[in-house]
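K.L.:
Handing you a structure now.
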Amino acid sequence: MSPLDLLDLDSSLTEDERQIRAVVRQLVDDRVRPHVAGWYEEGHVPARELAREFGKLGLLGMHLTGHGCAGSSAVAYGLACLELEAGDSGLRSLVSVQGSLAMYAIWRYGSEEQKLRWLPAMAAGEAIGCFGLTEPDHGSDPASMTTRARRDGDDWILHGSKMWITNAPIADVAVIWARTDDGIRGFAVPMDTPGVTAREIRRKMSLRASVTGEVSLDEVRLPADAQLPGAAGLKAPLSCLTEARHGIVWGALGAARDCLETALGYATTRTQFGRPLAAFQLTQAKLADMAVEWNKGHLLALHLGRLADAGRLRPDQVSVGKLNNVREALAIARQCRTILGANGVSGEYPVMRHANNLESVLTYEGTSEIHQLVVAQRLTGISAFV
């Protein structure tokens, strides 16, 4: 048992869940850890190659059923996200955007033809998807989106742009959300459609081992069957975000665990004033406080996962999880950096990389402030969004 598992939470997992966790952890150890510092430094990641490897293990859309998807439990999916993000947040982003945003949107709202066209290839990692909701001027307020879709005979014409879209520069299909005369609708847009361009966003200081882009739609003509027939209104894309946020609740714990394990190993072997750092009371206090918060976050994630598997998980409960776990994971990463001292800012250790990544995780798919308002609305019955 890991020394970090103060509450013996491992005993709450099934044997299948532990096996899935072990397989993903081994993949990260073998395929990610030897290279991820270099990927981060270079701002490049072999995303397509990794997607195929993830697909072989059934990690893409793993909590979905049918069409080549594994049909795993929500807890198993969460554990996979935890292990992936222990490698790097960018790798978990690749998997969660593919499975919980792009694939989930098609799986839940798409036609049978759309599902057959895209889901098996996406589950195998042979086709990459992205999810176009955020715009250059509309992040936390997607209801104000300016991307438009208008009818032209039987076709649709899309015009607008989407920003900060994970996987966009390498995607084969984009799930694009646009305003129509009948409200917000979703579209499955092949990225090779004339008028669609994707520009990679570079010079990021965070999530550098992740491919991020801007999608431009210049009078893009789509057939009628490109529309996701089951998606009507803003609730559709928000439900996709709820799926992805559940993975973040777990994933942030992976980054925090990697920082904690690194700091614990460092503190027990690094000697100052003739004693290991771990022998000093202040260092022990830091380690104890961080381990307690990590266990509380793990307990929260496990509870939310069990609610999801029972079909009883509410969006505001996911907001509780993302708000708490990402905030605490970032605090843990920053505190671990202090234990490592100057070595904490070196790429030879993962701590600063995780801290930088978590700065993005803190604000994407709902900023901490947005999730605070969601929780407060549940408490008071009053919306502060308008």
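The values are calculated or read from the model by the stated rules, or taken from the named source; none is laboratory data. Please read all numbers here as calculations on a predicted model, not as lab measurements. Glycine also receives a Cβ, built like all others from the backbone with ideal geometry; neighbour counts cover every protein chain displayed. Just so you know, the surface numbers come from the protein's heavy atoms only, side chains and all, with ligands and any DNA or RNA stripped out. Shrake-Rupley method; radii C 1.70, N 1.55, O 1.52, S 1.80 Å.
K.L.:
Among Ala76, Ala123, Ala80, which is the only one that is among the aliphatic types (A, V, I, L, M), over 27 Å from Ala329 (Cβ atoms) and under 18 Å from the mean Cα position of the chain (by Cα)? Even if it seems obvious, please write down each step before you answer.
P.N.:
Details: Ala76 fails: over 27 Å from Ala329 (Cβ atoms); Ala80 fails: over 27 Å from Ala329 (Cβ atoms).
Answer to the check: Ala123.
K.L.:
Now for a different question. Among the residues in segment 360-378, are any at pLDDT 95 or above, in a helix (DSSP H, G or I), over 29 Å from Leu91 (Cβ atoms) and of a type in the set (D, E, K, R)?
P.N.:
Yes, segment 360-378 contains a residue that is at pLDDT 95 or above, in a helix (DSSP H, G or I), over 29 Å from Leu91 (Cβ atoms) and of a type in the set (D, E, K, R).
K.L.:
Evaluate segment 145-161: report whether one residue or more is under 19 Å from Leu94 (Cβ atoms), touching a Ser or Thr at 6+ places or on another chain (Cβ under 7 Å) and modelled with pLDDT of 95 or more.
P.N.:
Of segment 145-161, the ones under 19 Å from Leu94 (Cβ atoms) are none.
No, the conditions are met nowhere in segment 145-161.
K.L.:
Please specify each residue of segment 213-241 satisfying the condition of being in a helix (DSSP H, G or I) and over 26 Å from the mean Cα position of the chain (by Cα).
P.N.:
Matches in segment 213-241: Ala224, Asp225.
Residues are listed down the side, and each one gets a yes or a no for (1) surrounded by fewer than 17 Cβ atoms within 10 Å (Cβ to Cβ); (2) under 20 Å from Gln372 (Cβ atoms); (3) modelled with pLDDT under 95:
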{"site": "Leu260", "(1), (2), (3)": "no, no, no"}
{"site": "Tyr266", "(1), (2), (3)": "no, no, no"}
{"site": "Pro276", "(1), (2), (3)": "yes, no, no"}
{"site": "Lys286", "(1), (2), (3)": "no, no, no"}
{"site": "Ala301", "(1), (2), (3)": "no, yes, no"}
{"site": "Leu304", "(1), (2), (3)": "no, yes, no"}
{"site": "Arg312", "(1), (2), (3)": "yes, no, no"}
{"site": "Val320", "(1), (2), (3)": "no, yes, no"}
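K.L.:
Just give me the residues in segment 165-209 being small (Gly, Ala, Ser) and part of a strand (DSSP E or B), in sequence order.
P.N.:
Those that are small (Gly, Ala, Ser) and part of a strand (DSSP E or B): Ala174, Ala178, Gly183, Gly186, Ala188, Ala198.
K.L.:
Please go through (1) touching a Phe, Trp or Tyr at 6+ places or on another chain (Cβ under 7 Å); (2) open to solvent by 10 Å² or more (accessible area, probe 1.4 Å) for Leu60 and return the number of the only condition it doesn't satisfy.
P.N.:
If we test Leu60 against (1) touching a Phe, Trp or Tyr at 6+ places or on another chain (Cβ under 7 Å); (2) open to solvent by 10 Å² or more (accessible area, probe 1.4 Å), just (2) comes out false.
K.L.:
When you scan segment 372-383, do you find a residue that is touching a helix residue (DSSP H, G or I) at 6+ places or on another chain (Cβ under 8 Å) and open to solvent by less than 20 Å² (accessible area, probe 1.4 Å), even just one?
P.N.:
No, segment 372-383 contains no residue that is touching a helix residue (DSSP H, G or I) at 6+ places or on another chain (Cβ under 8 Å) and open to solvent by less than 20 Å² (accessible area, probe 1.4 Å).
K.L.:
Restricting segment 146-164 to residues that are aliphatic (A, V, I, L, M) and more than 25 Å from the chain's Cα centre (by Cα), which is surrounded by the fewest Cβ atoms within 10 Å (Cβ to Cβ)?
P.N.:
At the first step, the residues of segment 146-164 found to be aliphatic (A, V, I, L, M) are 149, 157-158, 163.
Retained after the next criterion (residues that are more than 25 Å from the chain's Cα centre (by Cα)): 149, 157-158.
On the way: Ala149: 25, Ile157: 17, Leu158: 24.
Here the residue is Ile157.
K.L.:
Restricting to segment 190-213, what's the tally of residues that are in contact with a helix residue (DSSP H, G or I) (Cβ under 9 Å, 6 or more places away or on another chain) and not small (Gly, Ala, Ser)? Reasoning before the result, please.
P.N.:
Just the residues of segment 190-213 that are in contact with a helix residue (DSSP H, G or I) (Cβ under 9 Å, 6 or more places away or on another chain), to begin with: 190-191, 193, 198-201, 204-213.
Okay, now just the ones that are also not small (Gly, Ala, Ser), so 190-191, 193, 199-201, 204-205, 207-208, 211-212.
Adding up the residues that qualify gives 12.
K.L.:
I'd like to verify a number: residues in segment 112-145 that are buried (at least 16 other Cβ atoms within 10 Å of the Cβ) and part of a loop (DSSP other than H, G, I, E, B), how many?
P.N.:
8
K.L.:
Looking at segment 343-359, can you tell me whether even one residue there is touching an Asp or Glu at 6+ places or on another chain (Cβ under 8 Å), surrounded by fewer than 17 Cβ atoms within 10 Å (Cβ to Cβ), in contact (Cβ under 8 Å) with a residue 60 or more places away in the chain and not acidic (Asp, Glu)?
P.N.:
Yes, there is a match, as at least one residue in segment 343-359 is touching an Asp or Glu at 6+ places or on another chain (Cβ under 8 Å), surrounded by fewer than 17 Cβ atoms within 10 Å (Cβ to Cβ), in contact (Cβ under 8 Å) with a residue 60 or more places away in the chain and not acidic (Asp, Glu).
K.L.:
Let me ask something else. Output yes when any residue across segment 101-111 is of a type in the set (Lys, Arg), surrounded by fewer than 21 Cβ atoms within 10 Å (Cβ to Cβ), modelled with pLDDT of 95 or more and under 29 Å from Ile201 (Cα atoms), and no when none is. Outline the logic, then answer.
P.N.:
Step one: of segment 101-111, the residues of a type in the set (Lys, Arg) are 108.
Narrowing further to those that are surrounded by fewer than 21 Cβ atoms within 10 Å (Cβ to Cβ): 108.
Checking which are modelled with pLDDT of 95 or more leaves us with 108.
Now narrow it down to the ones that are under 29 Å from Ile201 (Cα atoms): none.
Looking through segment 101-111, none of the residues is of a type in the set (Lys, Arg), surrounded by fewer than 21 Cβ atoms within 10 Å (Cβ to Cβ), modelled with pLDDT of 95 or more and under 29 Å from Ile201 (Cα atoms).
K.L.:
Scan Arg245, Arg327 and give me the residue that is touching a residue at least 60 places away in the same chain (Cβ under 8 Å) and open to solvent by 30 Å² or more (accessible area, probe 1.4 Å). Lay out the reasoning, then the answer.
P.N.:
Details: Arg327 fails: touching a residue at least 60 places away in the same chain (Cβ under 8 Å).
Selected residue: Arg245, the only one of Arg245, Arg327 that is touching a residue at least 60 places away in the same chain (Cβ under 8 Å) and open to solvent by 30 Å² or more (accessible area, probe 1.4 Å).
Rundown of residues vs (1) at pLDDT 95 or above; (2) farther than 17 Å from Ala255 by Cα; (3) open to solvent by less than 50 Å² (accessible area, probe 1.4 Å), yes/no style:
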position	(1), (2), (3)
Val23	yes, yes, no
Leu27	yes, no, yes
Val32	yes, no, yes
Gly38	yes, yes, yes
Pro46	yes, yes, yes
Gly66	yes, yes, yes
Ala80	yes, no, yes
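K.L.:
Of all residues in segment 288-299, how many are open to solvent by less than 60 Å² (accessible area, probe 1.4 Å) and over 10 Å from Leu6 (Cβ atoms)?
P.N.:
Looking only at segment 288-299, we keep the residues that are open to solvent by less than 60 Å² (accessible area, probe 1.4 Å), and these are 288, 290-291, 293-295, 297-298.
Now narrow it down to the ones that are over 10 Å from Leu6 (Cβ atoms): 290, 293, 297.
Result for segment 288-299: 3.
K.L.:
Quick one: in segment 3-17, of everything that is in contact (Cβ under 8 Å) with a residue 60 or more places away in the chain and within 24 Å of Pro350 (Cβ to Cβ), which residue is surrounded by the fewest Cβ atoms within 10 Å (Cβ to Cβ)?
P.N.:
Pro3
K.L.:
Can I ask one more? Taking segment 178-220, which residues are closer than 21 Å to Ala47 by Cβ and of a type in the set (Gly, Ala, Ser)?
P.N.:
Answer for segment 178-220, where residues must be closer than 21 Å to Ala47 by Cβ and of a type in the set (Gly, Ala, Ser): Ala188, Ala198, Ser206, Ala209, Ser210, Gly213, Ser216.
K.L.:
Sticking with this structure for a sec: Which one is most open to solvent (accessible area, probe 1.4 Å) among residues in segment 169-204 that are basic (Lys, Arg), modelled with pLDDT of 95 or more and farther than 18 Å from Asp152 by Cβ?
P.N.:
The residue in question is Arg199.
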